[in-house]
Every structure is written in structure tokens, then in C-alpha cells.
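This report refers to the structure that appears directly beneath it.
The values are calculated or read from the model by the stated rules, or taken from the named source; none is laboratory data. On a predicted model such as this, the values are computed, not experimentally measured, just so you know. Every residue, glycine among them, receives a Cβ derived from its backbone with ideal geometry; neighbour counts consider all protein chains shown. To get the accessible areas, we keep the full protein, side chains included, count just its heavy atoms, and leave off ligands, DNA and RNA. Shrake-Rupley method; radii C 1.70, N 1.55, O 1.52, S 1.80 Å.
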Amino acid sequence: MIYLKTDEEIELMRESNLLVGMTLGEMAKWVAPGITTLKLDKIAEEFIRDHGGVPGFLGYAGYPNSLCISVNEVIVHGIPNSYTLREGDIVSIDCGVVKNGFNGDSAYTFCVGEVAPEVKQLLKTTKESLYLGIEHAVEGKRIGDIGHAIQTYCEARGYSVVRELCGHGVGKKLHEEPNVPNYGRPGTGPLLKNGMCIAIEPMINLGSRNIVIERDGWTTRTRDRKPAAHFEHTIAIKGGKADVLSSFEYVEQVLGEKSI
Ligand code: MF3
Ligand code: CO
């Protein structure tokens, strides 16, 4: 069942997502050649707790860390480890926070130093597709309209859309109904209503859409080992249209003109 949130609950969701945005902003200061993904995870966990939140992913379905950190061909759910970031890498940092009993969930893919132009373009397109999807998240449209917008935008530019993983409803639980695929047909799927809170998270591959889940049960990478991009916002449908609860403003403030 889809839980519709009251305006008061949406404000609590906004607070959780604000802390997610601030945490991603903190990450933007640290992402650079020479840092391990585990170090980033530790910094984020401390930052979240210092600001009155609890990491939303830690312990979720047995997940061992606070962030998902996915480098290059890893699409999502990369487990922080001793890998040291290098010039030219791209790194998706996915962050969840629980505050006041509600989840925030947002992800940004960062460049480590200078990145190949074709990879930068993949990131740019994926981020644009997220905002295009958000434009379709309005009362009276359907879930399939969001996915269709993302899919057609990315495929027209030669990229492929991961099918096995989707966005999702979000609230007291990290994953609620409905599923929010990044592909679909217009006018299909659940009807969008005021009070719905969903995480939209395009996962877009430079090469083929096929994935492999590693033996740790989490790390999800492209089968062809070409790079993948991932951007995510949590939004509420309020007053008929999308209200973006999470924020890339803190990230973009740090990155300045380096931001994609
Ligand atoms: N944003 C991701 C998702 O919605 C992060 C979940 S990681 C998990 O799937 F460990 F919490 F599952
Ligand atoms: Co999510």
C-alpha cells in the first residue's frame, strides 16, 4: 500500500533530506585522489550523528555501512572498503538518514579530478534525466510517465537504462510502495497523488544495460565493466507538483563550476 504523507510529515521528510543534502555537501569536500571509500563512510557517519540523524542504510537488510559508494563500473550498492580513489574515477555516493522517524535518500555521482569527456557527458545526461523525471512527478500523471521520460532522454543519447533496480516510495521505511522504474510507458502504473513521497534514481550505463551482482550480495556493476552513473532525489507531490525534498545545493556550493 502507498502511504500518503500529511503536510506535517512532508516537513519532517524535508528535514531528513536536508541532512542528506548537507552530508553529500560534506562528501564533496573530501572526494579527491588518495582517500579510501571507507574513510568517506566514516566521515559521513560522524557528520550524520553530529547533526542529530541516524544513518538510514546501516543495518538495513543487513547492509554493513552508512553510505553506498559505487566507483566507475559499480552502478549502486558499492560497500565502502579500502579502495583508494584515483584521478579519473567517478564515484556515486548514496546517502540515507533517519530523523524524526522519516527517511531521507539521495545520491550524487562525483568526478575525481579530471574525468574523460564521454564519462562526464554520461553524468550530465543522467542528472538531467533525473530532473526531467521530476517534472513528470505531478498529480494526475502515473509512475510510468516518470520512467518513460528518463528512458527516452537517456536512450536517445546512446545510453542504457538498468532494469533490475528502481526508485521507490520512501517514508517511515526506506523502501515503500510504489516501485519507480527508470523506464516505462506513458499513462501506465500507479496514479500520482498529493502526499506521495518517492525517490527517483536513474541508474544509467555508458554501455549495455546488463548488470552483475557481486558475491557480497550488494555490489551491483555493469556486466561489460563500462562506467555507470546514478543520481537520486527524494520528492513529495504537494499542491499538484513535485517538491524536491533532498538537495544538491550543498554539493554544488562546494564544487562550484566543477559541478556537472
Ligand atoms: N538509495 C538506495 C536504494 O534506495 C540505497 C539503499 S542501500 C541499502 O536502494 F543498503 F540501504 F539497501
Ligand atoms: Co533510493
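Considering only residues that are open to solvent by 10 Å² or more (accessible area, probe 1.4 Å) and in a strand (DSSP E or B), which ones fall in the range 224-257? Across the range 224-257, the qualifying residues are LYS238, LYS241, ALA242, ASP243, VAL244.
In the range 169-188, the qualifying residues are those that are away from ligand 2 (no atom under 14 Å from the Cβ) and farther than 17 Å from GLY140 by Cβ, and the one that is surrounded by the most Cβ atoms within 10 Å (Cβ to Cβ) is TYR183. Against the conditions (1) assigned to a loop (DSSP other than H, G, I, E, B); (2) under 30 Å from ALA32 (Cα atoms); (3) within 15 Å of ligand 2 (Cβ to nearest atom), ILE150 satisfies every one except (1).
Residues checked against (1) closer than 18 Å to ALA236 by Cβ; (2) buried (at least 21 other Cβ atoms within 10 Å of the Cβ):
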| position | (1), (2) |
| --- | --- |
| ASP94 | no, yes |
| LYS99 | yes, yes |
| GLY104 | yes, yes |
| GLU118 | no, no |
| LEU122 | no, yes |
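If you go through the range 51-75 and keep only what is in a strand (DSSP E or B) and of a type outside the set (Val, Ile, Thr), you end up with PRO55, LEU67, CYS68, SER70.
Mind checking which residues of the range 210-223 are in a loop (DSSP other than H, G, I, E, B) and either open to solvent by less than 40 Å² (accessible area, probe 1.4 Å) or of a type in the set (A, V, I, L, M) (or both)? Listed by number, the list holds a single entry, THR219. If the condition is being in contact (Cβ under 8 Å) with a residue 12 or more places away in the chain, of a type in the set (Asp, Glu) and over 18 Å from VAL119 (Cβ atoms), then the range 200-242 contributes GLU201, ASP216, GLU232.
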